[in-house]
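Since the structure comes first, as structure tokens, the remarks are kept for the end.
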Amino acid sequence: MLHSKTFNKKTRGGRIQKLVREVYLRDDIYCGALFCKSCEDKSKARLTATASTILVLDTNVVLNQIDLLENPAIEDVVLLSVVLQEVKNKNSSVYGRIRNLIDSPARRFVVFSNEFHRHTYVQTMAGESPNDRNDRAIRVAARWYQSHLGEAVKVLLITNDRENNRKATEEGVSSETIESYVKSLGQPALLDLLVQPASEDVIMEEVEDMRPSKRKVVYPEHKPMSEITSGLTKGIYHQGKLRVNRYNPFEAYVGSESIGDEIIIYGRGNMNRAFDGDVVAVKLLPQDQWNEEKSLSIVDEGMFSVMLCLGLLEGACVQSASLIVHAYAYEFLSRALWLHFVCVLSTISFSLAEDEEEDVHLVPGSADDAPRTSIPAPSSTSDTNPASSRPSGCVVGIIKRNWHSYCGSLEPMPMPAGRGGLVYALFVSKDRRIPKIRIQTRQLENLLDKRIIVAVDSWDRQSRHPSGHYVRSIGEIGDRDTETELVLIENDIDARPFSAQVLACLPPLPWSVSSTDLNKSKRVDLRHLCVFSVDPPGCTDIDDALHCAMLPTGNFEVGVHIADVTNFVHPGTTLDDEASKRGTSVYLVERRIDMLPKPLTEDICSLRADVERLAFSVIWEMTPEAEIISTKYTKSIIKSSAALSYVEAQARMDDSRLVDPLTKDLRNMNALAKIMRQRRIQRGALTLASAEVKFQIDTETHDPLDIGMYQIREANQMVEEFMLAANVSVAEKILKEFPECSLLRRHPTPTKEMLGPLLRTAAAVGLNLDVTSSKALADSLDRAVGDDPYFNKLIRIMATRCMTQAVYFCSGELSPPEFLHYGLAAPLYTHFTSPIRRYADVIVHRLLAASIGIYKLPTIFQDRPQLTSIADNLNYRHRNAQMASRGSVELHTLIYFRNRPTDTEARIVKMRSNGFIVFVPKFGIEGPVYLTMRGDKGGGEWFVDEQQQNIRKMDGSVSYSILQAVKIHLEVSEPKPNRPKLQLTLL
């Protein structure tokens, strides 16, 4: 049966097109019930015969109550195609979550294509809105289900729409609100999962007087979208993504293309209920209010609370009275530890091979996240430098919300009289950028000592706090497994076991190279070569190996052999889809979360010693001066002779008694690497510095036994150089063949403003740094030598944290000059060398295979928007993996110091009006040292010289300077319940 469907569509050119589509209506679409006597197809039936009620959900219930729907108590659900389409159009995140429920064999959710069924399809009536038409379609489908299944089961329409409920009753359709249905289940805890309507926010305000005559307006009203659009067009408002300062949740920034600068937002009042990540419309404040507070303080949680009570951080005039422009609310090893200092190797090249390479510029301490300094640039003409003023503004509207679920705990509170009743509590997120969220719960007693997840529902303008609802518990506060899971959830890391569908894509074990592999004309047999790998100790996912053979000409044949992951991970498979979503493996202190299943990462693809494995090889002919004569790309078969650790490889090279072929190859390769490294530095590649913490973990308890700095060796640098060279060679090859669709990696040149903190510190210690190019900066850093052995390293650390992050991108989206990788001083760069643990490398392998005629290029590479979307996801996943790794280090550092008070040496890296921030080289941590504690009346005794970057007592008896060495005491304290922190005290 055919029906025509007519609708209007606006083209990109602004014209309106009338489209007519024919709809073929069927009557053989199955209902999804196992007990149905009419439907013959039971292959995908999920609704069980034991179900007392079949639920038909309307669109708003799915959109708003997804946390409840994910609870196993909600089963036997029918999702209509009209509902799914609306959800997909309105919220892609919720759509993905509901699709997971549909696809999960453990859940009883079915899809019914009501828009293609002869008895449930409805045509739009004259004057009927699309929303009313869809509501009617939902009611028609619910009524059909009741008729179709008969008296065997009750069919219940779930809707919170009063009009939809009224019409359902009139039409003989059983319907209830979601709250009414949940109450009928007799599980009070489920009520905590319900999203409360925005109109009910006022009920939750128990502290303030809620009488209309007494309530005060806390926040300005958001402008309607029509006014925002008009204001953006006229230049009155400016659009951008709001980023809250990780150090100071009362300060945020909005990058605005319309004015070519960042707009700073001071205070919650000016943020006007915007969350970190929201796309907002901002109005600039008068220019005389663009002043930035010069008296900077270190502020702890208690001071935040006091300021909130005084209203200093809530009002609209905070921009002119910002006492904490750079507040440091440090919890134990707060993100400042890794927001400032990259977790790489001691003093290293800007880009190390594999993951180390990325840590230098993709760390949270990059310019993308570092708190903006408001110390003016040195000026001889005036104490107040007008150039230091930055545009300040206030949020007038939210264009796109970035609300999601947050991890944390409830603020401690006394138990109310009686048990199990409804109470209101404040949720405190682990992420300090998130404001406290008010929730209602019936299980307060069970939640006070738990880490929980809470979702935001709304934020009324008359409420100081957003309203939300409880989602689930993670575990007990302080438990290592709980805190680790919190780190994963907080950074959106998927740590679930791989599904049966994914595992079904793997070849059976045991696996070995077959005769088919050997006979493929496109694969070269390299098993005769002395191939070896060099990795961290205990590495099992070995994705790169090397060889270096002397040629009769006196030149060298040097090969980089990378695990041939794409031989097993094919485009369009469930395995490939899963790897694409995960994006990267995640390395925690005590475990690894794989991008691909372990049979691939640790066995089939891993280039282990003494086993034949498939590889993708880049082979150069090089002169003894490391000049490349020729480059060859080929699929290959190798058999590694040795899987060495960095320590073992270094020991072989250093032991003059060893003259075996493997050791000779190592020495030759190391000699070439030194030349390559020096040449790269001469081109302008940066050699920066940071600190990687290395833990010794108890094999039984998994607690940290020792902590120290990771040592870099020539063996590390040797591997790094050849991985970088392979990545550059592959980038050149794929871009030549596919100039519009290659996946590359770029590192934008930092602006002088980004390098401002480095320049100010350098000037204060008598250094003149040239930042006109990466080469000039590299040379300046080489000349930065002081008496302190840590001096040069500290300067390089400061340079590191001024760098922006490197990102993946599609070559067709940018012009060639924008391809530059600043830190490497490389015009082209990509990732090829880690396909076991990075999906970007999988894509690059496919591009390289197509460029040498092994495979056809997958069709996805013809879709530039989809490629850009993949690149964006890879950037997001890579960044989150880095954050999760650092969160794991923070957790284990806290565990280590909990019972180990320590005295050690530190270096001052930032000045504040009541103290300074220090970096502890031995442990790679950063934190505040107070000279004047909160409430101390002697705070006026100290004077900060911002230009010279020192702090001294007014009487001149004591002074401290930037980069000065000081002795400190480290100890874990818990000034607030559930808030342990590492406290640093001056000795």
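Miscellaneous remarks
- Inter-label distance, Lys522 to Asn899: 5.9 nm, where each label sits 7 Å from its Cα along the C-beta direction.
- Fully extending the segment from Gln866 to Thr553, taken as 0.36 nm per residue of separation minus the present Cα-Cα distance, adds 107.9 nm.
- Note on Val279 and Lys967: the model spin-label points, each 7 Å out from Cα along the C-beta direction, lie 5.7 nm apart.
- Total charge dipole magnitude, the range 2-188, about the Cα centre, Cβ charges on Lys, Arg, Asp, Glu only, Debye to nearest 20: 800
- The fewest-to-most ranking of Thr159, Thr553 by surrounding Cβ atoms within 10 Å reads Thr553, Thr159.
- Dimensions in Å of the range 2-188 - Rg and Dmax from alpha carbons: 16.9, 56
- With a Förster radius of 56 Å applied to the C-beta separation of Arg118 and Glu227, the computed FRET efficiency comes to 0.75.
- Projecting the Cα atoms of Gly823, Thr902, Leu891 onto the charge dipole of the range 769-911, computed from C-beta unit charges around the Cα centre, puts Leu891 farthest toward the positive end.
- In the range 2-188, taking the dipole from charged Cβ atoms about the Cα centre, the farthest positive-side position among Ala106, Thr124, Gln146 is held by Thr124.
- Shown for Glu926, Glu818, Glu971, Glu176: other C-beta atoms within 10 Å of each C-beta, ranked fewest to most, produce the order Glu818, Glu971, Glu176, Glu926.
- The residue among Ser973, Thr985, Ser913 whose Cα reaches farthest toward the positive pole of the charge dipole of the range 898-986, with charges on the beta-carbon of Lys, Arg, Asp and Glu, is Ser973.
- In this calculation the C-beta distance from Thr749 to Arg679 is compared with R0 = 22 Å, giving a FRET efficiency of 0.55.
- Distant-in-sequence amide H partners of Ile399 (H built 1.01 Å from N, under 5 Å): Val279, Val280, Ala281
- Nearest-0.05 FRET efficiency for Ala495 and Arg26, computed from C-beta distance (R0 35 Å): 0.25
- Legend: residue pairs Lys635/Lys664; Lys598/Lys793; Lys90/Lys581; Lys632/Lys752; Lys283/Lys430, Cα-Cα distance threshold 32 Å; pairs beyond threshold, Lys598/Lys793; Lys632/Lys752.
- Phi angles of the range 32-47 translate, via the Karplus equation with coefficients 6.51, -1.76, 1.60 and θ = phi - 60°, into HN-Hα couplings of x, 9, 5, 8, 5, 8, 9, 7, 7, 7, 10, 4, 10, 6, 10, 5 Hz per residue; Gly and Pro are given as x.
- Taken along the Cα-to-beta-carbon direction at a fixed 7 Å, the label points for Ser645 and Asp288 span 6.8 nm.
- Summed side-chain charge close to Thr663 - residues other than Thr663 whose Cβ falls under 12 Å, Lys, Arg +1, Asp, Glu -1: -1
- Among residues other than Glu612 with Cβ under 11 Å from its Cβ, the summed charge is +1 (Lys and Arg +1, Asp and Glu -1).
- Proximity of backbone amide H atoms, modeled 1.01 Å from N, is registered between Asn950 and Asp945 at under 5 Å, excluding neighbours fewer than 5 places apart on the same chain.
- In this structure the amide hydrogen of Leu157, modeled in the peptide plane, comes within under 5 Å of the amide hydrogens of Val56, Ser174, Ser175, Glu176, none closer than 5 places in sequence on its chain.
- Couplings 3J(HN,Hα) for the range 661-672, derived from phi with the Karplus relation 6.51 cos²θ - 1.76 cosθ + 1.60 (θ = phi - 60°), are x, 4, 5, 4, 4, 4, 5, 4, 5, 5, 5, 5 Hz, where x marks Gly and Pro.
- About the centre of its Cα atoms, the range 597-682 shows a dipole size close to 240 debye [charges on the beta carbon of Lys, Arg (+1) and Asp, Glu (-1) only; nearest 20 debye].
- Residue order, fewest to most beta carbons within 10 Å, for Arg591, Arg898: Arg591, Arg898
- Residue-span extension gain [Lys400 to Ile629] - 0.36 nm each, minus C-alpha spacing: 77.1 nm
- Charge dipole (Cα centre; +1 on Lys/Arg Cβ, -1 on Asp/Glu Cβ; no other charges) of the range 898-986 amounts to roughly 340 debye.
- Sequence-ordered 3J(HN,Hα) estimates for the range 897-906 from the Karplus curve with 6.51, -1.76 and 1.60 and θ = phi - 60° stand at 7, 4, 10, 9, x, 9, 9, 7, 9, 9 Hz, glycine and proline given as x.
- Extension gain for Gln711 to Tyr876 (0.36 nm times residue separation, less C-alpha to C-alpha distance): 56.5 nm.
Coordinate-derived values only; no laboratory data. Remember, it's a predicted structure, so these values are computed and weren't measured experimentally. All Cβ positions, even for glycine, are placed from backbone atoms using ideal geometry, and neighbour counts span all protein chains on display.
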